[in-house]
Amino acid sequence: MIINFKNKTMRIPKSHPRYESLMRRHLLLDGLKRGYVAEAGLIAHGRGEAFDYLLGERTIKEARNAEKAAVAMLLLSEKPVISVNGNTVALIPGDIVEFARSIGAKIEINLFYRTLKRERLIKEILLRNGAEEVLDTEKDFRRIPGIDSDRGRANPRGILSADTVLVPLEDGDRTEALIKMGKNVIAIDLNPLSRTSKYATITIVDNVIRAIPAMIKLANEMKDWERERLERITENFDNKKNLRRIISRMRKGL
Ligand code: ATP
């Protein structure tokens with residue numbers, strides 16, 4: 001991988017033991033330079049990396065179970081929406097578009113550090129990656145009750161009218177507010193201790209770069225299953241128990 005550091009061209013060799021991880025950091029840095037990843041997004045990514053270490057940087061069994069339950073819930077939903085921020089789009093723009101298509105979900109941009117420029121850049125990237133429509137809050141938005149930050153802006157055709165919202169890399173406040181509105185919230189968060197993880201209906205403790213491709217495969221497998229079969233999967237999934245198992249797995253791993 002060729003990178004540009006302080007106007008100097010440098011090469012990161014593929015043989016580097018942390019090549020994949022470095023590449024991801026550079027995707028985020030590139031997004032920052034282009035103006036759509038927020039500075040604080042880099043810090044959030046670092047926190048995620050630390051938790052990923054504790055999981056062995058792989059998809060654990062509990063995450064696979066949560067991913068299956070999440071896909072079942074999304075397939076059962078009438079109005080599923082995938083909420084995206086700068087980090088998600090920097091890391092996996094094409095996968096987000098493909099996953100939305102495979103479950104029939106809308107994509108909506110939601111930013112804590114919102115600027116019109118960031119919103120438009122993110123929209124452009126998703127459209128370039130094949131999205132048919134990307135909802136934003138430029139013209140048409142109302143507020144999610146109880147959220148005073150810009151994360152409270154939501155599109156009436158998207159998050160506001162959704163029955164299920166998938167929130168990769170979220171903060172706890174909005175998860176809680178969406179739950180209070182009666183929505184199902186599916187979170188992807190490497191930190192099983194976060195408020196998001198605790199509040200969500202289904203918490204996927206996995207890296208978004210592994211979780212979304214895994215869920216694309218599951219969606220393709222499960223999309224013709226009968227409703228009863230999907231319902232059984234969601235009913236049998238216990239989020240609190242799953243989180244307890246993950247925390248105990250991390251403790252044992254240490
Ligand atoms: P909360 O309000 O839920 O307690 P927080 O304020 O700690 O969350 P943020 O600072 O908004 O959370 O960070 C977002 C979360 O995203 C972090 O918990 C981090 O572990 C997680 N995260 C970062 N990168 C990834 C990734 N690539 N995949 C999955 N999760 C990630």
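Electrostatic tally near T196: other residues with Cβ closer than 10 Å to its Cβ, Lys and Arg +1, Asp and Glu -1, net -2.
Shape analysis of the range 18-140 places it in the oblate category; the axes a ≥ b ≥ c from the Cα gyration tensor give an a/c of at least 1.5, with a/b not above b/c.
Solvent-accessible area per residue in the chain equals 51 Å², computed with a 1.4 angstrom probe and all protein chains kept. Summarising the amide proton neighbourhood of I107: residues at separation of 5 or more, or on other chains, whose placed amide H is nearer than 5 Å comprise I82, L135.
Measuring nothing but how far apart in sequence close Cα pairs (under 8 Å, 6+ apart) lie, relative to its length, the range 105-203 scores a relative contact order of 21 percent. Ranked by the mean number of other Cβ atoms within 10 Å of their residues, highest first, the peptides 132-138, 239-245 come out as 132-138, 239-245.
Taking 8 Å as the Cα distance limit and 6 or more residues as the minimum spacing, I'd like the relative contact order of the chain as a percentage.
RCO, the chain: 22 percent.
Ligands, DNA and RNA left out, the accessible area of the range 148-254 computed with a 1.4 Å probe is 46% carbon and sulfur. For the peptides 117-123, 65-71, the ranking by packing is 65-71, 117-123, with the highest mean count of neighbouring Cβ atoms within 10 Å listed first. Around the amide H of K79, modelled in the peptide plane, lie the amide H atoms of D163, T164, all under 5 Å away and 5 or more residues distant in sequence or on another chain.
The values are calculated or read from the model by the stated rules, or taken from the named source; none is laboratory data. Only a predicted model underlies this, so the values are computations on that prediction, with no experimental measurement involved. A quick note on method: Cβ atoms are made from the backbone with ideal geometry, for glycine too, and the neighbour counts reach across all protein chains shown. Note: accessible area is taken over every heavy atom of the protein model, side chains too, but ligands, DNA and RNA are not part of it. Shrake-Rupley method; radii C 1.70, N 1.55, O 1.52, S 1.80 Å.
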